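For reference, the structure discussed in these notes is given below.
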Amino acid sequence: MNDTQQSARPRSRRLTRTAGLVVALVTAGSLTCGTAMAAPADPAQSQAAADKVPHNATDAVAAMQPSWNLGNTLDAIPDETSWGNPLTTKALFDHLVKEGFRSVRIPVTWYSHQSDTAPYTIDAAYMKRVKQVVDLALADGLYVEINVHHDSWKWIADIATDHDKVMARFNSTWQQIAATFKDEPRKLLMESVNEPVINNATDAQKTQYMNELNTSFHSIVRKSGGKNADRLLVLPTQGCTPSQPLMDDLNAEIASLHDHNLVATVHYYGYYPFSVNIAGGTTYDAQNQKYLADTFALMKSEFVSKGIPVYLGEYGLLSEPNSGTVEHGEMLKYYEDLNYHARLNGVTSALWDDANYLNRTTLQWREPDLMALIKTSWTTRSGTASTDNLFVPKSGPIPAQTITLNRNGQWFAGLWQGDMPLIPYLDYTLNGDQLTLTSDALTRLAGDRAYGVNSTLQVRYSQGEPWQLHVISFDKPVVSAATGTTTALNIPTQFNGDQLATMEAKYADGTNAGSASWTAFQAFNSAFAPDYAGNALDLKPDFLNALKDGTQATLTFHFWSGATVSYKVTKSGTTVTGTAS
């Protein structure tokens with residue numbers, strides 16, 4: 001993210017991830033009106049009703065849909081506010097309930113508040129704070145899940161080379177957590193470990209150690225007394241990855257425990273090239289869609305169809321929604337499709353939010369249209385389209401343009417500009433799923449053709465969120481010569497209303513140039529990034545340092561209008577020079 005975003009939003013602290021699904025929707029109860037006033041409710045009975053959890057694990061996890069992560073908070077290192085978020089208050093959980101969430105996952109990192117030697121005592125003040133946050137959420141009627149979070153890679157990952165110490169610490173950690181929370185209502189779930197990674201081990205050994213961690217966690221919690229006897233316990237695959245071999249392993253482990261109150265958990269962050277915009281993965285294309293659909297269907301066949309509920313503990317993209325890495329409309333299509341397939345396959349989903357979705361200070365969504373679409377997807381589908389941008393030339397005649405509607409089971413209900421409907425045949429025609437805007441309509445909508453968005457339309461469907469279409473005036477971008485260092489090369493750029501999609505880098509012999517040597521298309525925001533406000537294309541240190549010394553590389557900048565611009569860069573020691581082709 002650029003400097004403005006960096007200062008305005010908490011830093012993302014995510015590990016590499018994969019996995020995922022969503023589902024089980026639960027409808028809010030209705031209020032009845034009448035002339036007689038009801039007798040005051042018994043507070044004890046009201047609390048008992050609020051704490052009631054379905055006996056069946058599948059029904060209980062379904063009642064948790066939808067879910068949300070309190071990310072970068074109690075999992076932050078070393079303290080709750082270290083990664084840019086404020087202290088958690090009741091107002092946050094009040095807001096989540098109002099927004100329709102039924103559960104929260106509260107990731108907790110323990111090691112920085114725990115002794116490094118036996119008996120690995122957790123600081124009492126920290127345990128008290130964790131319990132306070134959990135109780136605030138429970139008091140609002142939310143289901144809550146807690147876990148052992150970044151400890152997974154800080155010390156648990158060494159189980160193969162330091163087995164006895166890791167297991168002793170893991171067991172002590174869960175003994176203390178289980179004892180503290182044993183009398184909490186059954187709406188509290190416990191997850192053994194987040195995204196467990198096991199270093200220096202064969203695949204067979206990793207499976208063995210993963211099973212050992214889950215089995216030990218299960219035994220400790222079940223023997224700790226109180227409501228832990230039948231509390232829902234959540235067991236992950238290795239890395240929380242939803243691949244078939246790893247889900248097979250977890251399936252076998254769950255079967256061996258003979259416990260009907262177990263939940264499987266995986267995470268899903270999409271098809272990697274799309275999730276980080278690398279290797280030409282700029283669009284949510286058919287390959288992305290198949291990968292997602294197959295993964296969610298596999299979760300159902302591995303677990304849900306066998307009576308094991310799935311809690312998608314985290315979902316999102318490996319890039320933040322406000323970073324510009326994934327084009328906005330393509331991102332919307334991904335989230336809509338993900339939530340549909342989660343619902344279709346009976347998976348309860350928890351949005352990973354490190355505060356790049358919900359501003360924890362103002363309690364406002366940073367991307368309101370994205371959140372509106374996600375919330376709508378809990379109950380129905382929203383139609384989309386092949387693009388959300390209509391680029392028109394800055395000068396000269398504007399031709400008609402055709403886009404493809406993705407109806408997602410809805411019917412087309414018209415094209416609107418604000419409160420005004422556009423007129424069929426005069427402004428647009430519809431032939432099957434092909435929506436064509438006429439030359440006259442686009443010319444009118446472009447107005448004075450100032451660079452950038454001149455007007456925004458809505459494709460309205462029978463249900464769901466409208467799909468926005470932005471009419472954008474542009475000219476081909478222009479880049480200029482620049483000199484910099486391997487720390488940064490800032491290429492002066494006139495974007496002229498266009499938007500950058502990706503960057504291709506090759507040497508004269510056709511081999512790939514840059515940090516991602518396996519592909520010519522480098523990683524957006526990691527290797528390069530547009531600075532629209534500063535009129536520059538910025539090349540990043542990872543990319544620049546990976547260039548061959550003294551060998552010219554040709555960069556091709558691909559823009560969403562379809563325009564391409566070539567640029568030559570040469571590294572000499574720590575100096576980098578660039579020239580327009």
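The values are calculated or read from the model by the stated rules, or taken from the named source; none is laboratory data. Because the structure is a prediction, the values reported are computed rather than measured. Glycine gets a Cβ as well: all are built from the backbone with ideal geometry, and neighbour counts include every protein chain shown. Surface areas here come from the heavy atoms of the whole protein model, side chains and all, with no ligands, DNA or RNA. Shrake-Rupley method; radii C 1.70, N 1.55, O 1.52, S 1.80 Å.
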Answer from 279, 252 - the residue that is modelled with pLDDT of 95 or more and within 30 Å of residue 528 (Cα to Cα): 279
Residue 514 being touching a helix residue (DSSP H, G or I) at 6+ places or on another chain (Cβ under 6 Å) and open to solvent by less than 30 Å² (accessible area, probe 1.4 Å): yes
Verdict on residue 237 being buried (at least 23 other Cβ atoms within 10 Å of the Cβ), more than 22 Å from residue 185 (Cα to Cα), in contact with a Ser or Thr (Cβ under 9 Å, 6 or more places away or on another chain) and polar (S, T, N, Q): yes
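Every residue, every condition in (1) closer than 17 Å to residue 263 by Cβ; (2) surrounded by fewer than 24 Cβ atoms within 10 Å (Cβ to Cβ); (3) of a type outside the set (D, E, K, R), yes or no:
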{"site": "186", "(1), (2), (3)": "yes, yes, no"}
{"site": "200", "(1), (2), (3)": "no, yes, yes"}
{"site": "208", "(1), (2), (3)": "no, yes, yes"}
{"site": "211", "(1), (2), (3)": "yes, yes, yes"}
{"site": "222", "(1), (2), (3)": "yes, yes, no"}
Checklist (1) open to solvent by 30 Å² or more (accessible area, probe 1.4 Å); (2) touching a helix residue (DSSP H, G or I) at 6+ places or on another chain (Cβ under 8 Å); (3) closer than 30 Å to residue 504 by Cα; (4) of a type in the set (Asp, Glu) applied to residue 369, failing item: (3)
Residue identified as more than 30 Å from residue 370 (Cβ to Cβ) and in contact (Cβ under 8 Å) with a residue 60 or more places away in the chain among 500, 489, 469: 489
Test: residue in the stretch 304-319 that is among the basic types (Lys, Arg) and within 17 Å of the chain's Cα centre (by Cα): no
Index of the failed condition, residue 99 passing every other in (1) under 30 Å from residue 210 (Cβ atoms); (2) exposed (fewer than 15 other Cβ atoms within 10 Å of the Cβ); (3) of a type in the set (Asp, Glu): (1)
Counted residues, the stretch 224-234 - those being in contact with a helix residue (DSSP H, G or I) (Cβ under 8 Å, 6 or more places away or on another chain), open to solvent by 10 Å² or more (accessible area, probe 1.4 Å) and in a helix (DSSP H, G or I): 1
For residue 257: the one exception among (1) hydrophobic (A, V, I, L, M, F, W, C); (2) open to solvent by less than 10 Å² (accessible area, probe 1.4 Å); (3) touching a His at 6+ places or on another chain (Cβ under 9 Å): (2)
Whichever residue in the stretch 307-363 is among the small types (Gly, Ala, Ser) and either part of a helix (DSSP H, G or I) or free of Cβ contacts under 8 Å to residues at least 60 places away in the same chain (or both) and, among such residues, is nearest to residue 65 (Cα to Cα): 342
Residue pairs meeting the criteria (Cβ under 9 Å; at least 6 apart or on separate chains; first polar (S, T, N, Q), in the stretch 122-149; second open to solvent by 40 Å² or more (accessible area, probe 1.4 Å) and at pLDDT 95 or above): none
Residue satisfying condition, being of a type in the set (Gly, Ala, Ser) and open to solvent by 60 Å² or more (accessible area, probe 1.4 Å), within set 481, 450, 446, 441: 481
Positions within the stretch 162-210 being more than 19 Å from residue 119 (Cβ to Cβ), without any contact (Cβ under 8 Å) to a residue 24 or more places away in the chain and not in a helix (DSSP H, G or I), in sequence order: 202
Residues of the stretch 390-404 classified as assigned to a loop (DSSP other than H, G, I, E, B), open to solvent by 30 Å² or more (accessible area, probe 1.4 Å) and either in contact with a Pro (Cβ under 9 Å, 6 or more places away or on another chain) or in contact (Cβ under 8 Å) with a residue 40 or more places away in the chain (or both), total: 5
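For every residue, the table says whether it meets (1) surrounded by fewer than 19 Cβ atoms within 10 Å (Cβ to Cβ); (2) β-branched (Val, Ile, Thr); (3) touching a strand residue (DSSP E or B) at 6+ places or on another chain (Cβ under 8 Å).
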{"residue": "82", "(1), (2), (3)": "yes, no, no"}
{"residue": "85", "(1), (2), (3)": "no, no, no"}
{"residue": "114", "(1), (2), (3)": "no, no, yes"}
{"residue": "167", "(1), (2), (3)": "yes, no, no"}
Search result, residues across the stretch 298-326 that are under 15 Å from residue 349 (Cβ atoms), aliphatic (A, V, I, L, M) and either open to solvent by 20 Å² or more (accessible area, probe 1.4 Å) or touching a Ser or Thr at 6+ places or on another chain (Cβ under 6 Å) (or both): 304, 312, 317
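Yes/no matrix, rows are residues, columns are (1) touching a Phe, Trp or Tyr at 6+ places or on another chain (Cβ under 9 Å); (2) closer than 30 Å to residue 172 by Cα:
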residue	(1), (2)
210	no, yes
225	no, yes
248	no, yes
257	no, yes
275	yes, no
286	no, no
297	no, no
Test result for residue 387, in contact (Cβ under 8 Å) with a residue 40 or more places away in the chain, in contact with a strand residue (DSSP E or B) (Cβ under 7 Å, 6 or more places away or on another chain) and in a loop (DSSP other than H, G, I, E, B): yes
Answer residue from the stretch 411-436, given it is among the hydrophobic types (A, V, I, L, M, F, W, C) and closer than 27 Å to residue 368 by Cα and is surrounded by the fewest Cβ atoms within 10 Å (Cβ to Cβ) among those: 420
Listing of helices (runs of 4 or more DSSP H) fully contained in the stretch 1-117 that carry 2 or more residues being at pLDDT 50 or above and not charged (D, E, K, R): 43-51, 57-62, 90-98
Test for residue 468: is it surrounded by fewer than 20 Cβ atoms within 10 Å (Cβ to Cβ), outside any strand (DSSP E or B) and within 31 Å of the chain's Cα centre (by Cα): no
Qualifying residue in the stretch 363-378 (condition: among the hydroxyl-bearing types (Ser, Thr, Tyr) and farther than 30 Å from residue 80 by Cα): yes
Residues located in the stretch 141-154, provided they are surrounded by fewer than 19 Cβ atoms within 10 Å (Cβ to Cβ) and either more than 21 Å from the chain's Cα centre (by Cα) or of a type in the set (A, V, I, L, M) (or both): 141, 154
Among (1) surrounded by fewer than 16 Cβ atoms within 10 Å (Cβ to Cβ); (2) of a type outside the set (A, V, I, L, M, F, W, C); (3) part of a loop (DSSP other than H, G, I, E, B) - the single one residue 287 does not satisfy: (3)
